[in-house]
Amino acid sequence: MPHHLSVRIDPNSGFCFGVIYAIQMAEDILEEQGYLYCLGDIVHNDEEVERLEERGLRIIDYDTLAQLRDEKVLIRAHGEPPSTYQTGLQNNLTLIDASCPVVLKLQNRIKTSYDKQEKIFIYGKHGHAEVRGLLGQTSGNAVVFENLDELLGHELPPNITLYSQTTKSTNSFYRIKGELEERGYAINANDTICRQVSNRDKDLRKFAAQFDQIVFVSGTKSSNGKVLYQVCKDTNPQTHFISKVEEICASWFEPGQSVGICGATSTPMWLMEDVRDALLAL
């Protein structure tokens with residue numbers, strides 16, 4: 001009897017359309033000119049960043065951007081604050097804008113709320129690339145919070161306009177809204193969570209329940225990876241988080257077990273395929 005593992009990759013895992021679009025743009029330009037500057041990691045996955053760096057992608061930070069002149073710079077899917085576009089104009093940079101349409105729509109809505117002088121609170125991760133772009137729409141005047149306790153630590157106005165980073169959990173967002181309403185605040189809640197991300201929640205629960213073991217593949221910097229890993233682990237306690245093939249432990253598995261592989265919206269399919277091949281070779 002063969003003892004090896006049976007392994008399947010979750011067909012709904014892997015890059016969301018915003019990331020596919022940004023990487024496609026980067027690859028097209030790399031093909032053309034052999035190098036391309038990108039502001040920040042193009043995707044929160046070190047393995048994919050390395051692959052693109054080998055093809056000529058140059059990841060830069062804001063300090064480097066300020067020094068750069070007459071070059072092309074890619075704006076990644078997370079979007080950017082208005083100040084980045086101003087630097088682009090001043091330095092004669094061609095900004096290749098791969099901001100995700102879901103994020104751009106959210107930026108516009110926040111800007112509109114801000115122009116109406118609403119008190120804006122954003123459920124998101126401090127310092128996250130997307131959140132910086134959102135905060136920039138309010139000239140830094142919105143309040144970013146990571147959980148209810150942190151939010152309640154602020155002096156809250158009676159009327160609150162609530163937004164969310166696009167990759168947050170919908171359940172948590174509505175829990176926070178409900179809790180605030182119970183405390184008597186008037187909440188204008190804007191659920192701006194990306195459906196491609198939130199629908200994965202349900203799909204992932206179904207997927208994770210079908211296997212003896214789950215290997216969740218994601219970069220350690222991915223916000224959405226943390227959320228989805230938790231979803232897997234809640235459904236199937238035998239869930240293991242790895243960010244590269246070398247982190248697989250043979251001791252996790254018993255002969256003949258079924259293993260499901262899934263990942264974040266920033267996890268490339270080729271990486272999940274490498275993980276599958278490694279598991280099949282055990």
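The values are calculated or read from the model by the stated rules, or taken from the named source; none is laboratory data. What you see is a predicted model; the values in this text were computed from it and never measured. Using ideal geometry, Cβ is built from the backbone for each residue, glycine included, and neighbour counts are taken over all protein chains shown. What goes into the accessible areas is simple: the full protein's heavy atoms, side chains included, and nothing from ligands, DNA or RNA. Shrake-Rupley method; radii C 1.70, N 1.55, O 1.52, S 1.80 Å.
The trypsin sites (Lys or Arg not before Pro) of segment 128-213 that DSSP puts in a loop, and whose beta carbon has at most 11 other beta carbons within 10 Å, are 183. Centroid-to-centroid, using Cα positions, segment 173-189 and segment 90-157 are 19 Å apart. Taking every protein chain into account, the accessible area of segment 182-282 amounts to 45 square angstrom per residue (probe 1.4 Å). Charge dipole (Cα centre; +1 on Lys/Arg Cβ, -1 on Asp/Glu Cβ; no other charges) of segment 186-282 amounts to roughly 360 debye.
For segment 21-81, state which trypsin sites (Lys or Arg not before Pro) are in a DSSP loop and have at most 12 other beta carbons lying within 10 Å of their beta carbon. The qualifying sites are 69. Rounded to 0.05, the FRET efficiency of the residue 66 and residue 254 pair, given R0 = 45 Å and the Cβ-Cβ distance, is 0.25. Here the ratio of the Cα radius of gyration of the chain to 2.2 N^0.38 Å is 1.10. Name the residue, out of 210, 137, 117, whose mean-square fluctuation peaks in a Gaussian network model built on the chain with Cα pairs under 10 Å. Residue with maximal mean-square fluctuation among 210, 137, 117: 117. Relative to the Cα centre, the charge distribution of segment 1-125, modelled as +1 at Lys and Arg Cβ and -1 at Asp and Glu Cβ, gives a dipole magnitude of about 700 debye.
Given +1 at the Cβ of Lys and Arg, -1 at the Cβ of Asp and Glu and no other charges, the dipole of the chain around its Cα centre is 900 debye to the nearest 20.
Surface calculation, 1.4 Å probe, protein heavy atoms: residue 19 sits at approximately 20 Å² accessible. For segment 103-111, putting each phi into the Karplus relation 6.51 cos²θ - 1.76 cosθ + 1.60 with θ = phi - 60° gives couplings of 6, 4, 4, 5, 4, 5, 5, 5, 4 Hz, in residue order, rounded to whole numbers and with x for Gly and Pro.
The alpha-carbon atoms of segment 219-282, seen along their principal axes, cover 33, 25, 15 angstrom, with the largest extent given first. In segment 1-43, the inverse of the mean reciprocal separation of distinct Cα atoms equals 13.4 Å; this is its Kirkwood hydrodynamic radius. Taking amide H as placed 1.01 Å from N in the peptide plane, residue 164 has its amide H under 5 Å from the amide H of 123, 192, each at least 5 places away in sequence or on another chain. One Cα centroid belongs to segment 51-80, the other to segment 217-256; the line between them spans 30 Å. With bins 10 Å wide beginning at 0, the percent of Cα pairs of segment 1-134 falling in each bin runs 11, 36, 31, 13, 6, 2, 1.
Two decimals is fine: what is log10 I(q)/I(0) at q = 0.10, 0.11, 0.14, 0.18 Å⁻¹ for segment 114-265, from a Debye sum with one equal scatterer on every Cα and no solvent? Rounded to two decimals, the profile gives -0.44, -0.52, -0.75, -1.03. With each label modelled as a point 7 angstrom along the Cα→C-beta vector, the residue 147-residue 105 pair spans 3.1 nm. Along the chain, the exposed loop sites are chymotrypsin sites (Phe, Trp or Tyr not before Pro) outside DSSP states H, G, I, E and B with at most 16 other Cβ atoms within 10 Å, and the longest stretch free of them is 36-184.
If you roll a 1.4 Å probe over the chain with all protein chains in place, what percent of the accessible area is carbon or sulfur? So the carbon and sulfur contribution to the accessible surface is 49 percent. Accessible area per residue of segment 1-63 at 1.4 Å probe, in Å²? So segment 1-63 comes to 52 Å² accessible per residue, rounded to a whole number.
At full extension, residue 274 and residue 6 could sit 95.0 nm farther apart than now, given 0.36 nm per residue minus the alpha carbon distance.
The residue list 91, 52, 114 was ranked by how far each Cα lies along the charge dipole of the chain toward its positive end, using unit charges on Cβ atoms, and 114 comes out on top.
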